[in-house]
Amino acid sequence: MVGRGGRAVRAVNINPKGFSRDQLKIYAYIVPLCLFMLLPILYIFTSAFKPISELFAFPPRFLVANPTLDNFSRLSQTTQQSTVSLGRYVFNSALVTLAVVLLSIIISSMAGYAFSKLRFRGSGLLFEINTIALMFVPVAVMIPRYLVIDRLGIINSYLAHILPLLSMPVGLFLLKQFIDQVPDELMEAAKVDGAGPLRVYWKVVLPLIRPAIATVAILAFQAVWGNTETSSMFTTKENMRTLSFFMSTLAAQNTGVAGQGVAAASMLIMFVPNILLFIILQSKVMNTMAYSGMK
């Protein structure tokens with residue numbers, strides 16, 4: 001790449017395979033910041049494996065000296081005392097999470113394709129409304145959501161979990177920005193071959209936006225997996241509630257020093273799937289952040 005004055009400028013690789021000296025300055029800023037942000041996660045991890053003697057230690061210890069699985073054993077004993085089996089909570093969470101992730105990808109990608117490549121009246125206004133929706137936190141629209149769910153008559157059903165979480169303005173925004181980078185020539189070539197809008201979306205657009213789809217999948221998974229609002233607002237039957245609600249209840253019941261280990265164990269169980277999913281799809285996320293900002 002040639003910069004101003006005819007001098008050569010080295011391109012930045014978003015996801016480099018090796019290490020170079022040019023990265024030292026970046027790592028000098030990023031590594032301390034990452035370590036600082038990891039401290040709460042590390043504290044939860046160490047607390048989950050601390051015996052009661054270390055939980056009561058003064059001054060408190062950040063790291064664990066004698067790791068044990070007693071907190072997880074106590075957590076298992078607590079779940080066995082519940083009127084609903086742990087498997088039921090896991091099934092509810094898995095079903096709701098899978099449904100929301102898949103439907104969010106389908107809806108956001110189709111809407112992003114329409115806003116980006118299909119010209120129709122009012123598209124600009126509708127997309128601006130979606131952008132404005134990014135400013136609203138879920139709590140601000142919880143009462144209208146409850147009124148809608150109640151009038152639809154789907155209280156105490158899986159739809160009460162799924163429908164409120166399908167609204168993902170950030171997913172639509174991200175996919176639309178990514179689809180904007182798909183060359184129109186590719187779509188015109190597909191149309192010349194006789195492909196309609198749906199076939200162009202399926203055969204041309206979707207394969208090219210896989211990194212963005214992976215990012216939306218992570219965002220949707222994180223929003224659903226840790227969600228407790230739908231269980232507390234839209235369900236009254238215990239067998240329709242999710243694992244995150246059950247674990248948050250256990251954490252709230254163990255607020256004392258002796259219960260910190262059990263609370264940390266429950267939070268660690270809920271956190272592990274998020275980090276595993278991100279590790280698997282991290283390269284896709286980096287590519288999305290790079291290409292969605294291209295002009």
Practice task
Run THR78 past the list (1) surrounded by 15 or more Cβ atoms within 10 Å (Cβ to Cβ); (2) over 26 Å from ARG241 (Cα atoms) and report the number of the one that doesn't hold.
Solution key: (2)
Handout entry: Checklist (1) surrounded by fewer than 11 Cβ atoms within 10 Å (Cβ to Cβ); (2) part of a helix (DSSP H, G or I); (3) modelled with pLDDT of 85 or more applied to MET142, failing item
Key = (1)
Fill in the blank from the handout: By residue number, the members of the range 195-214 that are in a helix (DSSP H, G or I) and in contact with a helix residue (DSSP H, G or I) (Cβ under 6 Å, 6 or more places away or on another chain) are VAL200, TYR201, VAL204, VAL205, PRO211, ALA212, ILE213, ALA214
Handout entry: Residue in the range 158-179 that is under 25 Å from VAL200 (Cβ atoms), out of contact with any strand residue (DSSP E or B) (no Cβ under 6 Å at 6 or more places or on another chain), at pLDDT 90 or above and of a type in the set (Lys, Arg) present
Key = yes
Practice task
Please state which one of LEU152, LEU163, LEU147, LEU125 is assigned by TED's automatic domain parsing to the domain that holds THR236, buried (at least 18 other Cβ atoms within 10 Å of the Cβ) and of a type in the set (A, V, I, L, M, F, W, C).
Solution key: LEU163
Practice task
Would you check if SER244 is among the polar types (S, T, N, Q), assigned by TED's automatic domain parsing to the domain that holds PHE178, assigned to a helix (DSSP H, G or I) and touching a Ser or Thr at 6+ places or on another chain (Cβ under 7 Å)?
Solution key: yes
Problem - Among (1) part of a helix (DSSP H, G or I); (2) over 26 Å from the mean Cα position of the chain (by Cα), the one test that LYS50 misses - result: (1)
Handout entry: Filter result for ALA114 (outside the structural domain of LEU186 (by TED's automatic domain parsing) and either free of Cβ contacts under 8 Å to residues at least 24 places away in the same chain or not acidic (Asp, Glu) (or both))
Key = no
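The values are calculated or read from the model by the stated rules, or taken from the named source; none is laboratory data. The shown structure was predicted, so the numbers you read here are calculated from the model rather than taken from an experiment. Cβ atoms come from the backbone with ideal geometry, glycine included; neighbour counts cover every protein chain shown.
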